[in-house]
Ligand SMILES: [Zn+2]
């Protein structure tokens, strides 16, 4: 009998939506701009040009790290990653190697399984190559507008063991980086690029075997990522059955995904880390990230989807409803703005679109719930409480300021969870006052 388990780790590249590039003042927003109009000596890597790190990009990277439960390195620095590629004019990329901005975090899947995050680091994007035909000749054109745009790399540990888990992981990362407003992460614009590394654990009569590693490069859709992983898992198993090759140093390969033919195809052999000859970037001093900076950034984080979902579930909302609501800012605001309402009911109305959250929620809700509690016995207690709790308002009323009655009615409504009939409430209030 043969048993196969995919082993998947994913590198996610996210372009930050900062105003300027990572190390110079050129605009970072490059999409659709005329080629080579947003460049300067720094991002073109001309001799003598000196990089100055973008503070906002560093803070945004810390934000991503914190959102993914990472530890932030107190001391960090940039490194040069040497490799020759035509769209990288300097001949090296400024990245981070041994001291990334953050490390050792995790992301929790709906099943409760934690996918460990190895690191979240900051680097610069490369330019773009365009292979085309000009005057009947095949040419490659280079656009350096993207060169030097801040790029964050989120590296997971190989904890993902199915395409379903991979897809969920990617969607959650996408939701988080958008939620904390560091990037628009538009996959079609290449602002989020996915690189899964895949191999398979094969258990058969002769024992346990690990197939060689394959890195799938530059995928720009969640669907393609899962299709590519699926294809690769099957290919690796078939390859193992044919050759018996197993994982060892030096046999990691790189493949692309052809979304038309729905196949993966070989690219260059993957370099090992030491082929890049990393060394600390001499033009940028090491950075010290103080605890107060980290804590300040932590306070700026909005409530994240996982926490929102958990809170909703605790307040009684069904998990599937909570998931839908967590993705909708307006719906969330509606739920928190009306804590007196039956949260589960309100949530289900929102999910079923019975309530237009941009309109008057109170009246819509009341119409739909149609409870209108008129039992004066039940309501008296609320009325008494509101009168005792608001002595100043009561005094104002007694002095003739009858307009405050509306406020008192509102307080009773709140206490009743929005269920009381307003007419009965005001009659009761008038009696007691
Ligand atoms: Zn520049």
If one builds a Gaussian network model of the chain from Cα atoms under 10 Å apart, the most fluctuating residue listed among 206, 156, 292 is 206
GNM top mover of 381, 228, 334 - the chain, alpha-carbon springs below 10 Å: 381
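For the chain, what does the helix formula give at 222 nm: sum of -39500 (n - 2.57) over DSSP H segments with n ≥ 4, over the residue count, nearest 500 deg cm²/dmol?
-10500 deg cm²/dmol
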From the square roots a ≥ b ≥ c of the eigenvalues of the alpha-carbon gyration tensor of segment 251-399, which class results: rounded (a/c under 1.5), prolate (a/b over b/c), or oblate? oblate
Intensity falloff of segment 216-290 expressed as log10 I(q)/I(0), Debye formula with alpha-carbon point scatterers, at q = 0.14, 0.15, 0.22, 0.23 Å⁻¹: -0.64, -0.70, -1.04, -1.10
What do you get for the angle between helix 55-67 and the principal long axis of the chain? Use alpha-carbon atoms, 0 to 90 degrees, nearest ten. 70 degrees
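What is the Cα radius of gyration of segment 175-257 over 2.2 N^0.38 Å, N being its residue count?
Ratio of Cα Rg to 2.2 N^0.38 Å: 1.36.
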Note on the chain: contact order normalised by length, alpha-carbon pairs under 8 Å, 6 or more apart, percent, works out to 16 percent
Note on segment 212-356, DSSP bridge orientation, antiparallel percent to nearest 5 equals 60 percent
Cα extents of the chain along the three principal axes, largest first (Å): 89, 63, 49
Enter the angle in degrees (range 0 to 90, nearest 10) between the Cα long axis of helix 405-415 and the first principal axis of the Cα atoms of the chain, meaning the one along which they spread out most. 60 degrees
Could you tell me the largest-minus-smallest coordinate of the C-alpha atoms of segment 45-156 on each of the three principal axes, in descending order and whole angstroms? 57, 38, 23
I'd like the projected area of segment 376-432, averaged over all directions, using the convex hull of its alpha carbons. Report it in nm² with one decimal. 3.3 nm²
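Please order 133, 154 by the number of other Cβ within 10 Å, starting at the fewest.
Numbers: 133 8, 154 26.
Arranged by neighbour count, lowest to highest, 133, 154 become 133, 154.
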What translational diffusion coefficient, to the nearest whole µm²/s, does segment 1-100 have by Stokes-Einstein, given a Kirkwood radius computed over alpha-carbon pairs, a temperature of 25 °C and 0.890 mPa s viscosity? 151 µm²/s
Order these by the 10 Å Cβ neighbour count, fewest first: 83, 97, 169. 83, 97, 169
Mind checking Rg over Rh on segment 303-369, alpha carbons, Kirkwood formula for Rh? 0.93
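Here, each number is a calculation from the coordinates, and none is a lab measurement. These figures come from a predicted structure and were not determined experimentally. Positions of Cβ are backbone-derived with ideal geometry, glycine not excepted, and every protein chain shown enters the neighbour counts.
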